[in-house]
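All of the numbers you see were taken from the coordinates with simple rules; none came from a lab. Computed from a prediction, not measured in an experiment: that's the story for all the values here.
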């Protein structure tokens with residue numbers, strides 16, 4: 001592994017939407033790493049209740065949130081990556097699509113399994129209010145017309161409103177909107 005990869009880590013998520021827990025994870029990683037690769041996973045999925053936002057919309061949410069938080073954007077690589085059906089090949093697929101890195105920040109048990117025999121370090125982040133700072137909870141708050149804006153960076157709430165994301169989530173919650181049932 002080249003020397004400069006030791007200064008770079010990777011964070012992967014669907015970011016449906018990017019929320020304050022994700023932002024806290026970025027802040028934790030930035031303490032130890034100059035550069036951060038943020039992988040927007042499941043980039044091919046959108047307009048589904050579980051995945052309402054497009055890859056491009058999520059990229060804007062991330063970019064604008066990092067900027068709003070005062071980060072130097074030249075320290076970040078934001079890379080949308082499509083899911084592959086073979087989980088065993090996930091790591092090699094990701095490594096082929098992003099710059100080299102030494103560490104992954106993740107609390108996902110599947111990622112621990114996939115990386116257990118690799119030379120990549122895994123850092124388990126400290127989660128901030130995990131019950132409320134997760135995409136499922138936030139989408140449900142939006143669906144139920146409850147307060148949700150305080151759970152995401154201002155830039156994300158603005159993007160969601162600008163793209164009609166509230167209405168989109170409500171329409172996608174309709175069982176008839178699920179293409180798997182068509």
Checklist outcome for this item: Taking only the alpha-carbon positions of the chain as identical scatterers, the Debye log10 I(q)/I(0) at q = 0.12, 0.14 Å⁻¹ comes out as -0.57, -0.78
Item to check | Rounded, prolate or oblate (a/c below 1.5 giving rounded, otherwise prolate when a/b exceeds b/c) for the range 71-160 by Cα gyration tensor | outcome: prolate
Next on the checklist: How would the range 1-87 be classified by its alpha-carbon gyration tensor: rounded, prolate or oblate, with rounded meaning a/c under 1.5 and the a/b versus b/c comparison settling the rest?
Outcome noted: oblate
Checklist entry - In degrees from 0 to 90, rounded to the nearest 10, what is the angle of the helix 55-68 Cα long axis to the longest principal axis of the chain? => result 70 degrees
Item to check | Mean Cα-pair separation over length for the range 1-94, i.e. relative contact order, pairs under 8 Å, 6 or more apart, % | outcome: 30 percent
Item to check | Contact order normalised by residue count of the range 3-176, Cα under 8 Å, 6+ apart, percent | outcome: 30 percent
Item to check | Centre separation in Å (Cα based) which lies between the range 83-100 and the range 16-47 | outcome: 17 Å
